[in-house]
Amino acid sequence: MIPVDCNFGSNSPRSVAAEATARERAGFDGLWTLDGTRDPFLPVAVAATCTHECLLGTGVAIAFARNPMTVAMQANDLQDATAGRFVLGLGTQVRAHVERRFSMPWSKPAARLGEFVRAVRAIWRAWEIGGPLRFEGEFYRYTLMPPAFAPPPNPFGYPPIFVGGVGERIVRAGAAVADGLLCHPLLTPGYLDDIILPAVQAGREARACGRPHSIVASVLVATGADQEELDSATEAVRRQIAFYASTPGYLPVLRHHGRSALHPELHRLSRSGAWERMPDLIDDETLELFAIVGKPLDVVDTLERRYGKRVARVTISTPYQLSARALAAIGHALPALDRTTGHAIVSIRRPT
């Protein structure tokens with residue numbers, strides 16, 4: 001069985017410690033934070049104090065809402081705090097959010113994200129060797145790093161950098177510079193095989209380094225400890241699919257499966273604020289195409305069958321709060337399968 005990760009629930013600083021402890025004890029191999037209603041870095045810092053073995057990562061932090069220097073500093077501290085268990089996951093978001101929600105510049109997202117990753121590594125390299133910082137690109141320029149502001153080399157090395165991607169261009173660009181890909185939850189095995197994997201291979205062929213490249217599949221899951229919980233989870237997942245399908249950035253996935261006709265009406269409803277009507281457009285066939293629905297043991301088994309030979313890890317994406325009973329049921333399901341053939345993310349000990 002490949003490693004199975006999950007997202008935090010609320011990400012509230014007051015509940016992170018309890019959530020992280022419960023999820024690690026349940027048997028999850030990794031925990032990922034989301035950059036939504038909460039900052040994605042703070043929960044990792046809290047979870048570092050109460051977990052011992054599981055991977056901790058941002059899945060994803062919005063790169064263009066930040067800058068490479070601040071991200072390099074946060075990631076360096078979290079790698080130290082987690083004793084080498086941190087993964088820096090970065091994503092672009094869409095233009096409207098970058099410009100209107102974060103008031104930050106937007107242009108050439110694939111090229112900008114690639115340069116962002118290279119800039120972070122250049123900063124880490126300057127800290128590692130104690131030399132001058134010289135990075136001048138199209139979007140970012142770093143030429144000042146006095147010794148008083150340079151932290152010592154990280155005793156655990158520097159964390160792997162993963163990028164999130166949906167479209168072919170951003171996936172290819174990310175594979176050329178990053179250590180791995182975080183697939184968006186609007187995912188199917190078919191889209192992975194036909195679009196994602198070829199784009200990753202094209203990006204890897206353009207790489208200037210020999211780093212390994214891992215793929216983490218985030219998969220929408222509706223499950224629960226009883227039928228009532230399962231029904232509620234199913235409706236939450238249906239709403240999430242409707243939300244994703246209303247966004248132009250995810251049209252490639254819909255188009256690949258002949259469902260692009262869903263987008264115009266969902267987009268119109270979202271613009272008018274009719275969010276409650278959107279899930280009605282997601283029929284059961286579409287639901288089962290983009291999500292795994294069922295009891296915990298069935299869900300875990302289906303994750304392995306669909307993605308076990310395609311990716312390094314899977315993350316169950318649950319846009320609802322898992323109950324304690326559901327969490328325990330998933331925990332019981334995980335050891336029931338053979339988990340000896342999993343592929344872990346390889347820690348990057350030193351920047352190159």
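The values are calculated or read from the model by the stated rules, or taken from the named source; none is laboratory data. Please read these numbers as outputs of a predicted model, since none were measured by experiment. When we count neighbours, we look across all protein chains shown, and the Cβ atoms used for this are built from the backbone with ideal geometry, even at glycine.
Data overview
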item: Within segment 165-208, tally of residues that are touching a Ser or Thr at 6+ places or on another chain (Cβ under 9 Å) and over 27 Å from Ala222 (Cα atoms); result: 2
item: Within segment 153-183, tally of residues that are of a type in the set (D, E, K, R), surrounded by fewer than 21 Cβ atoms within 10 Å (Cβ to Cβ) and either closer than 16 Å to Val87 by Cα or in contact with a Leu (Cβ under 8 Å, 6 or more places away or on another chain) (or both); result: 0
item: Single match in Leu251, Leu197, Leu220 (criterion: in contact (Cβ under 8 Å) with a residue 60 or more places away in the chain, of a type outside the set (D, E, K, R) and surrounded by fewer than 18 Cβ atoms within 10 Å (Cβ to Cβ)); result: Leu197
item: Wholly enclosed strands (runs of 3 or more DSSP E) of segment 1-59 bearing at least 3 residues touching a Cys at 6+ places or on another chain (Cβ under 8 Å); result: 30-33
item: Filter result for Met73 (surrounded by fewer than 17 Cβ atoms within 10 Å (Cβ to Cβ), over 17 Å from the mean Cα position of the chain (by Cα) and more than 25 Å from Pro155 (Cα to Cα)); result: no
item: Residue within segment 274-281 that is more than 30 Å from Ser323 (Cα to Cα) and surrounded by fewer than 17 Cβ atoms within 10 Å (Cβ to Cβ) present; result: no
item: Some residue of segment 226-238 being modelled with pLDDT under 95 and farther than 22 Å from Glu19 by Cβ; result: no
item: Residue selected from segment 223-248 under the condition hydrophobic (A, V, I, L, M, F, W, C) and over 24 Å from Val4 (Cβ atoms), by the criterion surrounded by the most Cβ atoms within 10 Å (Cβ to Cβ); result: Ala245
item: Residues within segment 229-258 that are polar (S, T, N, Q) and within 19 Å of the chain's Cα centre (by Cα), tallied; result: 2
item: Residue tally, condition among the hydrophobic types (A, V, I, L, M, F, W, C), surrounded by 11 or more Cβ atoms within 10 Å (Cβ to Cβ) and not in a helix (DSSP H, G or I), over segment 107-152; result: 5
item: Residue within segment 146-154 that is in contact with an Asp or Glu (Cβ under 9 Å, 6 or more places away or on another chain) and touching a residue at least 40 places away in the same chain (Cβ under 8 Å) present; result: yes
item: Search result, residues across segment 77-106 that are free of Cβ contacts under 8 Å to residues at least 12 places away in the same chain and in a loop (DSSP other than H, G, I, E, B); result: Ser103
item: Residues satisfying the stated conditions in segment 255-286, i.e. touching a residue at least 40 places away in the same chain (Cβ under 8 Å), outside any loop (DSSP other than H, G, I, E, B) and within 18 Å of Thr188 (Cα to Cα); result: His256, Thr286
item: Selected residue (criterion: farthest from Leu322 (Cα to Cα)) from residues of segment 25-52 that are of a type in the set (Asp, Glu) and either touching an Asp or Glu at 6+ places or on another chain (Cβ under 7 Å) or crowded, with 20+ Cβ neighbours inside 10 Å (or both); result: Asp35
item: Among (1) buried (at least 17 other Cβ atoms within 10 Å of the Cβ); (2) not in a helix (DSSP H, G or I) - the single one Arg310 does not satisfy; result: (1)
